Amino acid sequence: MARQNEEAIASTVLSAIVEQRLWTPGERVVVAVSGGCDSLCLLHLLQALQPQHGGLLHVAHLDHRLRPESRTEAMYVAETARRWGLPATVESEDVRALIAREGLSPEDAARRARYRFLLRVAANVGASAVALGHTRDDQVETVLMHLLRGAGLSGLRGMRLSVPPAPWMVEGLSLSHPIRLVRPLLEVSRTETHAYCVAHGLSPVHDAWNEDERFLRVRLRRQVLPVLRTLNPHLDEALLRLARLAAWLESDLEAMLDARWCELAQEASGCIRLRLKPYRDLPWTLRLEAVRRAVERLRGHLEGVGWDATVAAARLDEAGVGSEVALVEGIVARREYEALAVGDRGALEVAPWPDLGPHPVPLAIPGRTLLPEGHSLIATLHGPEELPSWEDVQPREAWLDADACGNRLWLRPPQPGDRFRPLGLGGTKKLHDWMTDQKIPRAARRRVPLVVSPRGIVWVVGHRIDERFAVRPTSSRLLRLRWE
């Protein structure tokens, strides 16, 4: 291998570590070493560059016991670490038992066992990073594989240089500090790692799984990519450009959503409500991202969340109140009056209203009435010329005839036997029956606030006013009630 090429690889890897802060000097780094060409190249490079990057290396290898030669490979890695003066953790696991227990394919079971092992080692030795040997070629294969599966931006961006572990990787582990998965070789090709091993007299082991065409990645590598490269000799560069563009676009969408999140989202235990007015002001792609973010914040990951379900959930703002979409096991999206709610059904049954207690709360008219849990109701008086168009009236806002309401109003929860005259219905109705017709969840009904006067219910807050208190052409004074 030409010395300048070797120096270029070393410079690429060192730049990734230092500029992207994969770790800092003095931090411990677990290096995942299978014994193959890429991981052996990575370990040798990291040891050679240790004075510059300052990481304290610890070798880790897991024998999956799925191939006859795997025990020999584990011994080879252990001996390599010993000869190079590096601490190592080499273990084995019965992955066949994991396959039977969790119903996984051999490839998925081995991957899950390997990542859980690596993170357990990192936690045990106090490492801040787990260095993986994924290369530029692995990135090309990953992007193509995700493209074939119909992935969105997060899939098309491929692997990232540095990521936190997925929740399933750390399940059952007690982590006292954050650990990241890092890929220092992601800009280095497989050809370059092979040439590096030859130049340094390294003898990688041969993994027969890399030629087993039962696995999709291997079929892509051996069958599909060679054909595609005859159609476009620059296919690899095209796929890598696609990955970079997807990463930039996703980053831009995340930044735009970050800027709107506080106004948009109301987060509570077990659910996130996306307020309809700011939600409807979002472009379509940000609506999709908002739904995905809500799920991710609730579950910690997006595994199992499908495209069709996400699109259907994002369109719930056009559906009737009470409409629902199952996003993934345990998580649904539901159309509420003022929000698109995402969460588990139990959490969604609890309305976003405070507990007013057993006694009516007198309202300051005009003025602000402070309520439990940070809520308040604001009353202001207006002339008829200030009445807005009805489409501009917010769900938690009511415009009323001030003279019909009078100066004595209270706030209280529903009581048995409550009746009112819902505006537009043309008659009286039991409040309980009306809430049932409106598909207000049973568990939420008891906390819906009511504005009442000596004449009865004035406003079912957030839902409907009583027609006796509605603004009329002859109204000379208007009362605006606004819930915050």
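The values are calculated or read from the model by the stated rules, or taken from the named source; none is laboratory data. Worth saying up front: this structure is predicted, and the values here are computed from it rather than measured. Backbone-built Cβ (ideal geometry, glycine too); neighbour counts: all protein chains shown. Accessible surface is based on the protein model in full, side chains and every heavy atom, while ligands, DNA and RNA are left aside. Shrake-Rupley method; radii C 1.70, N 1.55, O 1.52, S 1.80 Å.
For the range 83-167, please list each of the helices (runs of 4 or more DSSP H) lying entirely inside it that holds at least 2 residues being at pLDDT 95 or above and not small (G, A, S).
Details: elements: 95-102, 106-125, 136-148, 153-156.
So the answer is 106-125, 136-148.
The set of residues from the range 396-437 being of a type outside the set (A, V, I, L, M, F, W, C) and open to solvent by less than 60 Å² (accessible area, probe 1.4 Å) comprises R396, E397, D401, G406, R412, P413, P414, D418, P422, G427, K429.
Rundown of residues vs (1) in a strand (DSSP E or B); (2) crowded, with 16+ Cβ neighbours inside 10 Å; (3) in contact with a Cys (Cβ under 6 Å, 6 or more places away or on another chain), yes/no style:
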| site | (1), (2), (3) |
| --- | --- |
| C197 | no, yes, yes |
| V218 | no, yes, no |
| V224 | no, no, no |
| V227 | no, no, no |
| D236 | no, yes, no |
| D258 | no, no, no |
| E263 | no, no, no |
| R273 | yes, yes, no |
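How many residues are modelled with pLDDT of 90 or more and either open to solvent by 60 Å² or more (accessible area, probe 1.4 Å) or of a type outside the set (F, W, Y) (or both) if we restrict to the range 66-76? I'd like the intermediate steps shown before the answer.
Filtering the range 66-76 for residues modelled with pLDDT of 90 or more gives 71-76.
If we keep only those that are either open to solvent by 60 Å² or more (accessible area, probe 1.4 Å) or of a type outside the set (F, W, Y) (or both) as well, we get 71-75.
Total satisfying the criteria: 5.
Which of the residues spanning the range 53-64 are part of a loop (DSSP other than H, G, I, E, B) and over 14 Å from D207 (Cβ atoms)? Of everything in the range 53-64, those that are part of a loop (DSSP other than H, G, I, E, B) and over 14 Å from D207 (Cβ atoms) turn out to be G54, G55.
Please work out if A398 is assigned to a strand (DSSP E or B), among the aliphatic types (A, V, I, L, M) and more than 28 Å from G322 (Cβ to Cβ). Judged against the criteria, A398 is not a match.
G35 meets all of the listed conditions (1) at pLDDT 95 or above; (2) crowded, with 18+ Cβ neighbours inside 10 Å; (3) not in a helix (DSSP H, G or I) but one, namely (1).
Name every residue in the range 207-216 that is touching a residue at least 40 places away in the same chain (Cβ under 8 Å) and open to solvent by 70 Å² or more (accessible area, probe 1.4 Å), in order of residue number. Passing the criteria: only N210.
Determine if the range 3-20 includes at least one residue that is in a loop (DSSP other than H, G, I, E, B) and either open to solvent by less than 40 Å² (accessible area, probe 1.4 Å) or modelled with pLDDT of 95 or more (or both). No; the residues of the range 3-20 include none that is in a loop (DSSP other than H, G, I, E, B) and either open to solvent by less than 40 Å² (accessible area, probe 1.4 Å) or modelled with pLDDT of 95 or more (or both). Residues that are within 23 Å of H206 (Cβ to Cβ), open to solvent by less than 40 Å² (accessible area, probe 1.4 Å) and of a type outside the set (S, T, N, Q) within the range 79-100 comprise A81, L86, V95, listed in sequence order.
Counting only residues that are part of a helix (DSSP H, G or I) and open to solvent by 70 Å² or more (accessible area, probe 1.4 Å), how many does the range 176-191 have? So that I can check it myself, show each step before the final result.
As a first pass, look at the range 176-191 and keep what is part of a helix (DSSP H, G or I): 190-191.
So of that shortlist, the ones also open to solvent by 70 Å² or more (accessible area, probe 1.4 Å) come out as 191.
The number of residues fulfilling the criteria is 1.
Total residues in the range 332-349 satisfying the condition of being modelled with pLDDT under 85, surrounded by 16 or more Cβ atoms within 10 Å (Cβ to Cβ) and closer than 16 Å to V461 by Cβ: the figure is 2.
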